[in-house]
Amino acid sequence: MRESYSDLMKAIRSGRFVLTGEIQPKKTTLLNEAIRSAKEMHGHIVACNVTDDPRGQAYLSSLVVSHAIQRDVGLEAICQMTVRDRNRIAITSELLGAAALGIRNVLTMSGDHTSLSDNPCAMPVYDLDTAHFVRLVRRMVDEGVDLGGNRISGGVRMHVGIVGNPNAEPLEAELLKIGRKVDLGADFMQTQIVFDMDRAKCFLKEMERYQIPVLPGIFPCKSHAIAEFVSKNVPGIKVPPDYIEELRKAEGSLDRQTKREKVDEVNFEYFSALIRELKGTTKASGVHIMAFGYEGIVRKLSECV
Amino acid sequence: MAEPFDKIFVVGCGTCATICQTGGEGQVKEQLGILGKKGVGWAVVEAPCDLRLVKRDLAEFMPRVGLSDAVLVLSCGAGVQVVGEHTGKLVIPGLDTLFIGKIERIGRASERCRACTECMLYETGGICPVVRCSKGLLNGPCGGMANGKCEAGGHTRDCAWVMIYETLKRQGRLDVFKKYREPKDRSRKAQPQELLGR
């Protein structure tokens, strides 16, 4: 087994049930919001993803925010990096920068297509794909060279993560793709949001053949409107109608404070049960909680693990 | 683009642009109608991308071409450049070239080849991911695939990697699907290409 360079990998390998959170930087030059969010989750999660321009929206750099939360808060980052906007030169350079700044986890992603972007006329790069990206990190870490075989001084100590989608249909195409990346040496996997427990269990069962640590993604919604939006607009994800209805009822409360507490109760009840089920009946290594801007629920859910 | 010129010669394409109904005789005449008195002549070259055919088909029109201030060419970018190189005239591209594609019927075509220099169609069931995957991925599908459709364009177009998966599965060749494909050597496309067979 390869050496553990990060708290995330150490926690996973220790066998404890691991929680990770998520910060989504905005179109800003201010770090304070990301720092606040990291502080609120620190101590409750092992590491925190920092997104890399989701939906192709040009936001504050993932690497910069990853560095900031590690330096200012002491919360370990899982720096997301896409192949959408960088060729292999830029990705290599970014990885060297990440290693130099002490980033120990990189999550490789293809990135939402530029046509969905807030700069839709941008050129999609995709010089590499995520399989190549995994290979690049492995070569940098294991062999001390880049894809061109050029030597790197100082060493690169980081783990490479991949993303899986339990909702993918046809699922076999997704599984075979994951298999390629596991063979290339991916260290861990986080998944797309999954609400459907049967789907999650089936996916996790399939993953057992690859022996890669998997953290299924869960998405506590702050309101029924968000849940409905995801259900209608994110293909492949069906948010259970009962859960949406519970949120709607909770939002019917009169004052804001009660409303917030009721929504939190619904989310805690729903997701703590889900986490317990994943923990008790599957080989999931933990759960990735995608609740950016909703740190309170992350804290509460951490208590049930 | 045609505005500053008083005398314009129009060249059409007898092959691709005729089939696409964007640069055949009909469209050349339409352009002449729009140009009115500015139009000083026209010709449809069998294939404006082929210098030999440009020389042959424009030979009788060269005096008129010579009188013009500019040549409006209704063909792909290759044709525009060949006509410009041969006539020495200022050329105006009349069309925006979209792709190298499959012709389904007159006026209907779809992109199939991006001339990437490293053909991998044998490994991908005859479906080119460089063109037909919106991200040009060599080891797909990506996470944007849902129910076999591609995220670019709002999940309306088939995901190329699902098509590849289904084709290879049908052919009993899923082992090829599982294979890792190395990154492309983009260096050949980083400079203008030439074919120097002899």
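The values are calculated or read from the model by the stated rules, or taken from the named source; none is laboratory data. Just so you know, these numbers come straight off a predicted model, no measurement behind them. Note that each Cβ is placed from the backbone with ideal geometry, even for glycine, and that neighbours are counted across all protein chains shown.
List of remarks:
- Subset of the stretch A:231-254 that is of a type in the set (A, V, I, L, M) and under 20 Å from A:LEU171 (Cβ atoms) - its residue that is modelled with the lowest pLDDT: A:VAL234
- When the residues of the stretch A:154-193 are filtered to those that are facing another protein chain (nearest Cβ under 7 Å) and assigned to a strand (DSSP E or B), the one that is farthest from A:MET207 (Cα to Cα) is A:GLN192.
- B:LEU95 away from chain A (no Cβ under 14 Å), at pLDDT below 90 and either surrounded by fewer than 15 Cβ atoms within 10 Å (Cβ to Cβ) or touching a helix residue (DSSP H, G or I) at 6+ places or on another chain (Cβ under 8 Å) (or both): no
- Checklist (1) under 26 Å from B:THR22 (Cβ atoms); (2) of a type in the set (A, V, I, L, M, F, W, C); (3) more than 13 Å from chain A (Cβ to nearest Cβ) applied to B:VAL130, failing item: (3)
- Which listed residue is crowded, with 20+ Cβ neighbours inside 10 Å, over 19 Å from A:HIS42 (Cα atoms) and in contact (Cβ under 8 Å) with a residue 40 or more places away in the chain, from A:VAL239, A:VAL298, A:VAL287, A:VAL266: A:VAL239
- Which listed residue, of B:VAL54, B:VAL71, B:VAL44, is in a helix (DSSP H, G or I) and surrounded by 18 or more Cβ atoms within 10 Å (Cβ to Cβ): B:VAL54
- Members of the stretch A:137-153 that are in contact with a helix residue (DSSP H, G or I) (Cβ under 7 Å, 6 or more places away or on another chain) and in a loop (DSSP other than H, G, I, E, B): A:ASP146, A:LEU147, A:ILE152
- Scanning the stretch B:151-160 for residues that are at the interface with chain A (Cβ under 8 Å from one of its Cβ atoms) and within 23 Å of the chain's Cα centre (by Cα) returns B:ALA152, B:GLY153.
- Evaluation of A:ILE103 against (1) β-branched (Val, Ile, Thr); (2) buried (at least 21 other Cβ atoms within 10 Å of the Cβ); (3) within 30 Å of B:GLY153 (Cβ to Cβ) (one fails), failing number: (3)
- Residue check, A:ILE89 touching a Cys at 6+ places or on another chain (Cβ under 7 Å), of a type outside the set (Asp, Glu) and more than 8 Å from chain B (Cβ to nearest Cβ): no
- Selection status of A:PRO220, assigned to a loop (DSSP other than H, G, I, E, B), more than 11 Å from chain B (Cβ to nearest Cβ) and more than 19 Å from B:LYS149 (Cβ to Cβ): yes
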